[in-house]
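Novice: Here it is, the structure in full.
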């Protein structure tokens, strides 16, 4: 392994180094890379769980660490990873650093979780995680893509899967929570995953020209809630069993995020939907789909 992106270059470049994989640099404003690193940190729990209890076919575990040397920053893959009781992550530097001098190849270092910029597992020849790898790869074409895949050593890079926790701490977690409720046919839980008042407020502001007061919002929210219940009663619960999900974010404001959810079904079919999510009282909840 050893393909990594750094976030301090002004343009995307590929740097060769003899005896080690090429280095792919992406600019610090690259949204794909930043989102890849955010995903890695938010899904690190999955890596840790698999490391302590590997699934069938899992044979390679690696963490990408942010290493600082004054004003220089390098993101370096670590192998032979482990966690201690305090959550510190240890690993062996797998490639010769080219920008920082504070660490060296084959050196064992420890990092805090906030310095994780990616993680990856190889499972039956397939890449699990590797979010920054995917961020780099999607921007390559032709010979560059061919060389990149060659550096990966034949690992299959498919659509992937995002391993967010099902809770209200992230927009993705809120969506997973309501989909869990659907799978469990739990209407009360599904309702708890929604924010009908905020859904009503946003809908009214975008569609009506009259003054909007709290009473109108409350009445509209009740109509939306009853409509949601009626739809499930008449059409049944959607099913997400066995579905893999990949998420992308578009923040409208710090509290309002439109999530694109790509679903990959067991039969290979795919679907995509955009969902409004909103954060109130530090909890993300699901609003209406984006039409």
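Values in this text are rule-based calculations from the coordinates and carry no lab data. Since this is a predicted model, take the numbers as computed values, not measurements. We place every Cβ from the backbone using ideal geometry, glycine too, and count neighbours over all the protein chains shown.
Novice: Based on other C-beta atoms within 10 Å, arrange 37, 203, 120 from fewest to most.
Specialist: Numbers: 37 21, 203 17, 120 24.
So the residues, fewest neighbours to most, are 203, 37, 120.
Novice: Here's something else I'd like to know. Comparing 166, 272, 206, which has the greatest mean-square fluctuation in the GNM of the chain with Cα pairs linked when under 10 Å apart?
Specialist: Its mean-square fluctuation being the largest, the pick is 206.
Novice: Whole Å is fine, so just give me how far the alpha carbon centre of segment 97-115 lies from that of segment 169-223.
Specialist: 46
Novice: For segment 151-291, what is the percent of antiparallel DSSP beta bridges, rounded to the nearest 5?
Specialist: So the antiparallel bridges amount to about 95 percent of the total.
Novice: Same structure again: Measure nothing but the geometry: give the 0 to 90° angle between the long axis through the Cα atoms of 31-42 and the longest principal axis through the Cα atoms of the chain, rounded to 10°.
Specialist: Helix 31-42 and the main axis of the chain meet at about 80 degrees.
Novice: With contacts defined as alpha carbon pairs under 8 Å and 6 or more residues apart, what's the relative contact order of segment 45-200 in percent? List each step's numbers first, then the result.
Specialist: Details: 229 pairs, mean separation 24.6, N = 156.
Dividing the mean separation by the residue count of segment 45-200 yields 16 percent.
Novice: Which of these, 77, 119, 35, has the largest mean-square fluctuation under a Gaussian network model of the chain (Cα springs below 10 Å)?
Specialist: Residue with maximal mean-square fluctuation among 77, 119, 35: 35.
Novice: Of the candidates 149, 99, 56, which one comes out as most mobile in a Gaussian network treatment of the chain with C-alpha springs shorter than 10 Å?
Specialist: 56
Novice: In deg cm²/dmol, rounded to 500, what helix-only [θ] at 222 nm does the chain give when every DSSP H run of at least 4 residues adds -39500 (n - 2.57) and the total is split over its residues?
Specialist: Helix contribution divided over all residues of the chain: -9500 deg cm²/dmol.
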